[in-house]
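Take a look at the structure set out below.
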Amino acid sequence: MNDSLTTIRARLHDGAIKRVTRTFAATLGDVFTELLQNARRADAARVRVGVTGPGAGPCTVTVTDDGAGITDPGVLLSIGESGWEEALTVREDAAGMGLLSLARRGGTVASRPRTFDGDPVSGWRVTLTPEHFLGEGEAEVHLDDTAPWPHGTRITFETTGVETADAVRTALAAAARHYPLPVVFEHRPQTPPEGEVLERHAFLDGAVYVERWRGVVFGVFRDRAHGLRLPDPDVNFHGATVAVRLPAVESVHGVRWTVAADVEDCPELELVLPARKEAVETPFLAALRDAARRALYRAMAMDPDPRPAFEDRKRAHEADIDIAVPPAALQPWRAGLADLDDWREAPKRTPVGADALLVTCDPEPPEAQALARAAARNALTERLFAPDRRLEGYAWYDRIARVEDLRTEVIVDGHPCALDALPRPAPTGTPEGPLPVRPDALFLHLAVRPPEGPAHVLDLPTDLAFAGDAWVWVGDARPLVTADSTLTPWQLAEHLRAAFFSPSDDADADSWERQRTDFDTEALHLATRLLVSDDEARRTSIADAVARTLFWVIPHDRAVDIAVRDRKVTVTLGEVAEEVTS
């Protein structure tokens, strides 16, 4: 027994037609992309685009092709009906909606069909307004002897007030960049009488490796420059480029491998209609990305120095692609700075030895600076390397011992104590506060875990450490310098800057340069107080202030004595020095 109440069928509601002017964004780029695609499908050999009118304001644009022309003008307003041959419709998913890019603008279409016997036939012309696209009126078709001869299509439309001739050329050049046919731009007298042939580039120009797969051509690039758009278009559909997020791989030494696809004949690739600016997420698209990754791995396998991450080499191996194992080389470990925006070029990778250590702990800048100082004093610097988790899984990498923790021990008055057990003076925020103690000795204890066997501790005697909190201004920094240290005030000031200088980017903060200068001045004052004396620190700070603020008014050829008594300043100028002639 059939218990269905009724049957339903897909239909186009009148409301959909009322919204066709919103089908496209209707930018110049949209218009040219669609009109160029129509010309290509019509088997045109060349497209000419002419601009008439003032260069600074609205103008008239005429797009002419020498293709097969349009036999039935009715297809222009028949949504979803293209008039293309069935084979082409299936191959390219031609939806018959390209002219809707002009629905908001309107325009005039003139065409002369190409006949089988080659004899020219009459041309026709129709002017379409947005109301015609909305189904609110009938458009009259007229005979037109001026239609392209012997066959082809001409489309004319007006630009808006902000779309100048330069804007037309820019949009057309972008649409023509990867288009398979020559495109000629005419705007007299700016262009030659025969027009300007716009520049074209093959989509896969610069690829180091290419291969075909199911109707597309993959091109793999090594360190290809990126455009301004993110993500960059990586699929070219006969001149219309879209981003489908094909895979990319970065090697462990910074080489970026990317892949792009040029469509030849691929009906399985579905683009979102009508504008074709993105791809439909289908099983084929997932297969396309997998195939692109395999092409990328094959290109890396051919490179003399690919250095893949372990996971990439593993995935390539699962696809029967053998990529060479990276050499046993890592970036040397380098102490972090408190100024996170202080850009430094990454150190070059160097070979790792059997006694190498990976610093897998992540010390704050003060502790990291102390470790760097201790490593230099104990001939350990060249054994310390930065970890690279992308290499985990390679046998040579997994065999390297790890520094997993770092602890500082302070010897004061012959007794050991931890950093957090030291007396903690109240912070003052100025370099004139109580000075930290000068310990008898300092030790950095590194907890080292080898690939096999028990962990052990590596003891490093040193002369510098930092107590207290990280991420404070110099006035609250607590440098610990042993009594027998050979550090100079200038050296300690540099360590303080590296460990604590973190400039503020608040709108009301001073410039970076001013903050850096103020910090360096206070750091040198604190370092001189700690290592020499309070009076020497004051003399140094006064001399530095004079040098920074008064040198520009002091004559270079006269001695100047400055005396300060009871807040009164006395300045004595010496005689002008006599020039010595030889």
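Among the β-branched types (Val, Ile, Thr) and either buried (at least 19 other Cβ atoms within 10 Å of the Cβ) or touching a Gly at 6+ places or on another chain (Cβ under 8 Å) (or both): which single residue out of Val352, Val325 fits that description? Steps first, please.
On the way: Val325 fails: either buried (at least 19 other Cβ atoms within 10 Å of the Cβ) or touching a Gly at 6+ places or on another chain (Cβ under 8 Å) (or both).
Going through Val352, Val325 in turn, the sole match is Val352.
Here are some conditions: (1) farther than 21 Å from Ala455 by Cβ; (2) touching a Pro at 6+ places or on another chain (Cβ under 7 Å); (3) of a type in the set (A, V, I, L, M, F, W, C). Leu358 meets all but one. Which one does it not meet?
(1)
Residues to consider are Ala338, Ala370, Ala374, Ala379; find the one that is open to solvent by less than 50 Å² (accessible area, probe 1.4 Å), under 24 Å from Val481 (Cα atoms) and in a loop (DSSP other than H, G, I, E, B). Show your work before the answer.
Working: Ala370 fails: in a loop (DSSP other than H, G, I, E, B); Ala374 fails: in a loop (DSSP other than H, G, I, E, B); Ala379 fails: open to solvent by less than 50 Å² (accessible area, probe 1.4 Å).
Exactly one residue qualifies, and that residue is Ala338.
Of everything in the stretch 151-167, what is surrounded by 14 or more Cβ atoms within 10 Å (Cβ to Cβ) and without any contact (Cβ under 8 Å) to a residue 60 or more places away in the chain? Give them in sequence order.
none
Okay, residues lined up against (1) in a loop (DSSP other than H, G, I, E, B); (2) over 30 Å from Pro347 (Cβ atoms); (3) at pLDDT below 95:
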position	(1), (2), (3)
Ala207	yes, yes, no
Glu211	no, yes, no
Leu228	yes, yes, yes
Val249	no, no, no
Gly254	yes, no, yes
Trp257	no, no, no
Cys266	yes, yes, yes
Pro274	yes, yes, yes
Leu285	no, yes, no
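Condition check ((1) at pLDDT below 95; (2) over 20 Å from Arg307 (Cα atoms); (3) among the charged types (D, E, K, R)) across all residues:
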{"position": "Asp342", "(1), (2), (3)": "yes, yes, yes"}
{"position": "Ala346", "(1), (2), (3)": "yes, no, no"}
{"position": "Pro351", "(1), (2), (3)": "no, no, no"}
{"position": "Asp355", "(1), (2), (3)": "no, yes, yes"}
{"position": "Cys361", "(1), (2), (3)": "no, yes, no"}
{"position": "Arg373", "(1), (2), (3)": "no, yes, yes"}
{"position": "Arg377", "(1), (2), (3)": "no, yes, yes"}
{"position": "Leu380", "(1), (2), (3)": "no, yes, no"}
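Going by the conditions given, is Thr127 in a strand (DSSP E or B) and more than 42 Å from the chain's Cα centre (by Cα)? First the steps, then the outcome.
Details: in a strand (DSSP E or B): yes; more than 42 Å from the chain's Cα centre (by Cα): yes.
Considered against the rule, which asks whether it is in a strand (DSSP E or B) and more than 42 Å from the chain's Cα centre (by Cα), Thr127 comes out as yes.
Answer with yes or no whether Thr170 is open to solvent by 30 Å² or more (accessible area, probe 1.4 Å), over 19 Å from Pro73 (Cβ atoms), of a type outside the set (A, V, I, L, M) and part of a helix (DSSP H, G or I).
Values: open to solvent by 30 Å² or more (accessible area, probe 1.4 Å): yes; over 19 Å from Pro73 (Cβ atoms): yes; of a type outside the set (A, V, I, L, M): yes; part of a helix (DSSP H, G or I): yes.
Yes; evaluated as a whole, the condition is true for this residue.
Of everything in the stretch 253-278, what is crowded, with 20+ Cβ neighbours inside 10 Å and within 18 Å of the chain's Cα centre (by Cα)? Give them in sequence order.
Within the stretch 253-278, Trp257, Thr258, Val259, Ala260 qualify.
Under 6 Å between Cβ atoms, which residue pairs at least 6 apart in sequence (or on different chains) link something in the stretch 497-514 that is at negative phi and of a type outside the set (A, V, I, L, M) with a partner that is open to solvent by less than 30 Å² (accessible area, probe 1.4 Å) and part of a loop (DSSP other than H, G, I, E, B)?
Close Cβ pairs (under 6 Å, with a partner that is open to solvent by less than 30 Å² (accessible area, probe 1.4 Å) and part of a loop (DSSP other than H, G, I, E, B)) amount to Phe500/Ala338; Phe500/Ala477; Phe501/Ala338; Phe501/Asp339; Ser502/Ala338; Ser502/Asp339.
Quick one: in the stretch 21-50, of everything that is at pLDDT below 90 and either in a strand (DSSP E or B) or over 32 Å from the mean Cα position of the chain (by Cα) (or both), which residue is surrounded by the fewest Cβ atoms within 10 Å (Cβ to Cβ)? Spell out the reasoning first.
The first filter runs over the stretch 21-50 and keeps only residues at pLDDT below 90, leaving 21-26.
Within this subset, residues satisfying the condition of being either in a strand (DSSP E or B) or over 32 Å from the mean Cα position of the chain (by Cα) (or both) are 21-22.
Values: Thr21: 18, Arg22: 11.
The selected residue is Arg22.
Considering each residue of the stretch 173-190, count those that are assigned to a loop (DSSP other than H, G, I, E, B) and either at pLDDT below 95 or surrounded by 16 or more Cβ atoms within 10 Å (Cβ to Cβ) (or both), and give that number. Write out each step before concluding.
From the stretch 173-190, those assigned to a loop (DSSP other than H, G, I, E, B) are 177-182, 187-190; that's our starting set.
With the extra rule that they be either at pLDDT below 95 or surrounded by 16 or more Cβ atoms within 10 Å (Cβ to Cβ) (or both), the set shrinks to 177-179, 181, 187-190.
Selection size over the stretch 173-190: 8.
Kindly list the number of the only condition in (1) over 21 Å from Ala379 (Cα atoms); (2) open to solvent by less than 10 Å² (accessible area, probe 1.4 Å) that fails for Ala465.
(1)
Filter the stretch 503-523 down to the residues that are in contact with a helix residue (DSSP H, G or I) (Cβ under 9 Å, 6 or more places away or on another chain) and of a type in the set (S, T, N, Q), then identify the one that is least open to solvent (accessible area, probe 1.4 Å).
Looking at residues that are in contact with a helix residue (DSSP H, G or I) (Cβ under 9 Å, 6 or more places away or on another chain) and of a type in the set (S, T, N, Q), I get Thr521.
Report the residue count in the stretch 535-557 for those that are over 15 Å from Leu524 (Cβ atoms), open to solvent by 80 Å² or more (accessible area, probe 1.4 Å) and either modelled with pLDDT of 75 or more or in contact with a His (Cβ under 7 Å, 6 or more places away or on another chain) (or both).
So in the stretch 535-557, the residues over 15 Å from Leu524 (Cβ atoms) come out as 549-557.
Checking the rest, the ones that are also open to solvent by 80 Å² or more (accessible area, probe 1.4 Å) come to 551-552, 556.
Filter once more, keeping what is either modelled with pLDDT of 75 or more or in contact with a His (Cβ under 7 Å, 6 or more places away or on another chain) (or both): 556.
Residues in the stretch 535-557 being over 15 Å from Leu524 (Cβ atoms), open to solvent by 80 Å² or more (accessible area, probe 1.4 Å) and either modelled with pLDDT of 75 or more or in contact with a His (Cβ under 7 Å, 6 or more places away or on another chain) (or both): 1 in total.
The values are calculated or read from the model by the stated rules, or taken from the named source; none is laboratory data. Given the structure is predicted, the values throughout are model-derived calculations rather than measurements. Here the Cβ is made from the backbone with ideal geometry for all residues, glycine too, and neighbour counts use every protein chain on show. What goes into the accessible areas is simple: the full protein's heavy atoms, side chains included, and nothing from ligands, DNA or RNA. Shrake-Rupley method; radii C 1.70, N 1.55, O 1.52, S 1.80 Å.
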